[in-house]
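Chemist: Okay, here's the structure, questions in a sec.
The values are calculated or read from the model by the stated rules, or taken from the named source; none is laboratory data. None of the values given here were measured: they were computed from a predicted structure. Methodologically, a virtual Cβ is constructed for each residue, glycine included, from the backbone with ideal geometry; neighbour enumeration extends over all protein chains shown. The protein model used for the area step is the full one, side chains on, heavy atoms only, and it has no ligands, DNA or RNA in it. Shrake-Rupley method; radii C 1.70, N 1.55, O 1.52, S 1.80 Å.
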Amino acid sequence: MHKISTLFIGLVLSGFACTNNTYIYEVNEVTVEPNNAGKDKEKRPEQYLNILYANLYQEPLSPNELVRLNDVITSIGDKQVAYETVVAKMMADPKVKIPSREDMLQDIEQFIRDTYKRFYVREPSQSEIAWFKNYIESRPNLTPELIYYSFATSDEYNFY
């Protein structure tokens, strides 16, 4: 009798122990894309120069200056090198409107937001803000000029 009851208890317990629990969660499918996913058309040199000038000087580019800068772009074989050269030349101009390092450090998050809006015409994501804030705080020699230069020569800036 003892063997039968032990066998019965063993069968009952093994029946409960081997159940397969299946959990189904009702989750809406979401497509996640990068913030710049809609930017797939490359700017023509004239567009790039006009937008760059407006972003750095906060005023429109004159037609004569556009022709001169466009000649610089077309005279250099590598377009990216040409853009980097033009941006570097503009950044050295004292008329370019760039915040001071003190202004940048006073409100880093606002500086990041303003820079993204100015160059990329979009809001930065929370991860972009966190990364840039850490990057700025961890580099005592980083200036707004270097950040503006990196934004103006980035791949995302070349597209709209």
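Chemist: On a 25 Å Cα-Cα criterion, which of the cross-link pairs 39/95; 39/89; 41/97; 95/117; 79/133; 41/95 come out too long?
Modeler: 39/95; 39/89; 41/97; 79/133; 41/95
Chemist: Also, quick follow-up: Using a probe of 1.4 angstrom, how much of the accessible area of the stretch 63-141 is carbon and sulfur, in percent? Mind showing how you got there, number by number?
Modeler: On the way: 2590 of 4940 Å².
Result for the stretch 63-141: 52 percent of the exposed heavy-atom area is carbon or sulfur.
Chemist: Using +1 on the beta carbon of Lys and Arg, -1 on that of Asp and Glu, and nothing else charged, what's the dipole of the stretch 68-160 about the Cα centre, debye to 20? Write out the running numbers ahead of the final one.
Modeler: Working: 12 positive and 15 negative charges, 45 e Å.
So the magnitude is around 220 debye.
Chemist: For the stretch 56-160, report the accessible area per residue in Å² (1.4 Å probe, heavy atoms, rounded to an integer). Walk me through the numbers on the way to the answer.
Modeler: On the way: 6110 Å² over 105 residues.
Heavy-atom SASA per residue in the stretch 56-160 reads 58 Å².
Chemist: Could you work out how much longer the chain between residue 130 and residue 27 gets when fully extended? Use 0.36 nm per residue separation minus the Cα distance between them, nm to one decimal. Could the numbers behind the result be given before it?
Modeler: Numbers: separation 103, 0.36 × 103 = 37.08 nm, distance 2.78 nm.
Contour length minus Cα-Cα distance gives 34.3 nm.
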